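The values are calculated or read from the model by the stated rules, or taken from the named source; none is laboratory data. Because the structure is a prediction, the values reported are computed rather than measured. All Cβ positions, glycine included, derive from the backbone under ideal geometry; neighbour counts span all protein chains shown. In case anyone asks, the SASA skips ligands and DNA or RNA and just uses the protein heavy atoms, side chains included. Shrake-Rupley method; radii C 1.70, N 1.55, O 1.52, S 1.80 Å.
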Amino acid sequence: MPASLVVWILTALLIVGVLTQKWWEPRLEARGVPVRRWPWRWWLVGYPGTALRIVTTWRRLAYLNGLSVSMSPNRRVIGRDLVVQGQALKPKPPRLSWPVPTATGLTLRVLLHPGQTPAPFYAAARAMEHTWRVHSVRVTSPRRGQVVIEVTARDPLADDAPSVRAPAHVLMSADVGVFEDGGPWQIDLRRTPHWLITGATQSGKSSLLAALVLALAPQRVALVGIDCKGGMELGLFGGRLSALATDRTQALGVLSGVVDEIQARMRWCRSWGKRSIWELREEQRPVPLVVIVDELAELYLTDGSRESRDEAEQCGTLLLRIAQLGAALGVHLVLAGQRVGSDLGPRVTALRAQLGGRVAHRAHDAASAEMTLGDLDPDAVVTAQNITEDEQGVAVVAMGGRWMRARSRLVNTDDAAEIGRSDPPQDPFLTQPDPVTFEKEGAVA
Ligand SMILES: Nc1ncnc2c1ncn2[C@@H]1O[C@H](COP(=O)(O)OP(=O)(O)OP(=O)(O)O)[C@@H](O)[C@H]1O
Ligand SMILES: [Mg+2]
């Protein structure tokens, strides 16, 4: 069949499809096929152009970035005892698969030549972005001898903030936003028990905490808030919180209460011969507890007096103990702050090492992004530094050795007030009411 006939048939089908859209679209939607959400524009217009650009530039790109190899020897004898070494004039680029379209871009596979490693492909990712004029390129090597190139055509996080969705009801898992590949951003506290959220002022830290509270509120989870900004942020959820501390003295009371609770839970698990509360039967299991701290630095701030130094040190010790002991006992930490450097106080770096989930919003300087992500992945640091002031709520999320850009859902004040009117789970603490009485208005006995 001549190629022109194929083009004519495809064009005719396209025109018929567009003209009859009003007929087939509602019918397919009614049958549960989400055609309205499919990225038609990208598939029909963007994808063919990008795929063509990739195929036509691949040979040159591979040559310029040292991804091609020469099949003929790279040395030649030119005299009786003289050998020259160099690069062959026509090296062969590695074989590229056909670009497979995805919802936000496309995926390619590259078959490595014998002797090649993925390292030069990782290094060439930026060159690929510019050559193919796409938002981002990520190179991985999930199988030996193969490299997978994931291309994201345009920044999916640049649109409006993702809307708030009905909360998922998987216990301890919170849907707080979307990843740049379009997937839901889940903070799963069972898988990653403790989280650190950083970012410059007005970058979206408190909004992310609000999205987390919103998602956890319908679950049987006790929430404890520490908001030393006078309770301005977490105070909105006051009714749903099992305790709220609005200054450091109250925070000390709450944190030592939580440490006592951890010890009570340890004894409880031991008495049943179990190593974690998740091994207990549901009716024996204490309610999971999430301690949410906004403006972490306030807990470490001292005015130089001995009293405030002691208080700050105690807070640091208590937080570290909760992080070290809490995970198996259903006690989790989510800490938000602008910086988490060792300059804050003693044991901050030890605490940071315990927080496996990391979220870095826009940072003031390279050092701040590095404090959050540097010990996990240097590439993620560069990406976090490139977040602009207009991208509020956009962050680099790292967990379980992987990282990705994501954007949190924006919770409005009405939704927050609605949650504030709901009730926390009853009797969440084994230690209640002793030794700490948790009270709503922030007063802690
Ligand atoms: N996901 C989002 N999408 C769009 N806008 C957002 C998002 N998250 C936050 N914002 C906007 O950014 C502003 C600042 O957010 P937020 O108060 O959470 O920042 P912050 O990092 O806690 O700042 P601060 O350090 O001053 O407490 C909010 O008023 C909100 O309008
Ligand atoms: Mg804030």
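Just to be sure I understand the filter: pairs with C-beta atoms under 7 Å, separated by 6 or more residues or on different chains, first member in the stretch 254-277 and under 22 Å from ALA243 (Cα atoms) and open to solvent by 10 Å² or more (accessible area, probe 1.4 Å), second member polar (S, T, N, Q) and assigned to a loop (DSSP other than H, G, I, E, B). Which pairs pass?
If the second residue must be polar (S, T, N, Q) and assigned to a loop (DSSP other than H, G, I, E, B), the pairs left are ASP260/THR431; ALA264/THR431.
Out of LEU214, LEU223, I need the residue that is in contact with a Phe, Trp or Tyr (Cβ under 8 Å, 6 or more places away or on another chain) and either under 16 Å from ASP423 (Cα atoms) or away from ligand 2 (no atom under 16 Å from the Cβ) (or both). Which one?
Exactly one residue qualifies, and that residue is LEU223.
I need the full set of residues from the stretch 226-246 which are of a type in the set (D, E, K, R) and within 16 Å of ligand 2 (Cβ to nearest atom), in order please.
Scanning the stretch 226-246 gives ASP227, LYS229, GLU233.
If I filter the stretch 70-78 for residues that are within 38 Å of the chain's Cα centre (by Cα) and of a type in the set (Ser, Thr, Tyr), do I get at least one hit?
no
For the stretch 190-213, give me each residue that is away from ligand 1 (no atom under 12 Å from the Cβ), open to solvent by less than 10 Å² (accessible area, probe 1.4 Å) and in a loop (DSSP other than H, G, I, E, B).
Hit for the stretch 190-213 is HIS194, nothing else.
Yes or no: ASP227 modelled with pLDDT of 90 or more, of a type in the set (Asp, Glu) and within 16 Å of ligand 1 (Cβ to nearest atom)?
Considered against the rule, which asks whether it is modelled with pLDDT of 90 or more, of a type in the set (Asp, Glu) and within 16 Å of ligand 1 (Cβ to nearest atom), ASP227 comes out as yes.
Pull out all pairs, ordered by first then second residue, where Cβ-Cβ is under 9 Å, the residues are six or more apart or on different chains, the first lies in the stretch 392-407 and is free of Cβ contacts under 8 Å to residues at least 12 places away in the same chain, and the second is away from ligand 2 (no atom under 16 Å from the Cβ).
Between residues of the stretch 392-407 that are free of Cβ contacts under 8 Å to residues at least 12 places away in the same chain and residues that are away from ligand 2 (no atom under 16 Å from the Cβ), the close pairs are ARG402/ASP377.
Restrict the check to the stretch 176-189 and report whether at least one residue is open to solvent by less than 20 Å² (accessible area, probe 1.4 Å) and either in the same structural domain as SER136 (by TED's automatic domain parsing) or within 16 Å of ligand 2 (Cβ to nearest atom) (or both).
yes
Looking only at residues that are outside any helix (DSSP H, G or I) and within 16 Å of ligand 1 (Cβ to nearest atom) in the stretch 283-301, which one is farthest from PRO425 (Cα to Cα)?
LEU301
Within the stretch 219-234, can you find the residues that are free of Cβ contacts under 8 Å to residues at least 60 places away in the same chain and more than 17 Å from HIS332 (Cβ to Cβ)?
GLY230, MET232
Restricting the search to the stretch 341-388, which residues are without any contact (Cβ under 8 Å) to a residue 60 or more places away in the chain, charged (D, E, K, R) and under 16 Å from LEU319 (Cα atoms)?
ARG347
Looking at (1) away from ligand 2 (no atom under 16 Å from the Cβ); (2) open to solvent by 60 Å² or more (accessible area, probe 1.4 Å); (3) not in a helix (DSSP H, G or I), which is the only condition GLU313 fails?
(3)
Restricting to the stretch 26-58, count the residues that are outside any helix (DSSP H, G or I) and in contact (Cβ under 8 Å) with a residue 12 or more places away in the chain.
Residues in the stretch 26-58 being outside any helix (DSSP H, G or I) and in contact (Cβ under 8 Å) with a residue 12 or more places away in the chain: 2 in total.
Sort out which residues of the stretch 333-386 are within 16 Å of ligand 2 (Cβ to nearest atom), under 15 Å from the mean Cα position of the chain (by Cα) and open to solvent by 10 Å² or more (accessible area, probe 1.4 Å), and write them in order of number.
Within the stretch 333-386, just ARG362 meets the criteria.
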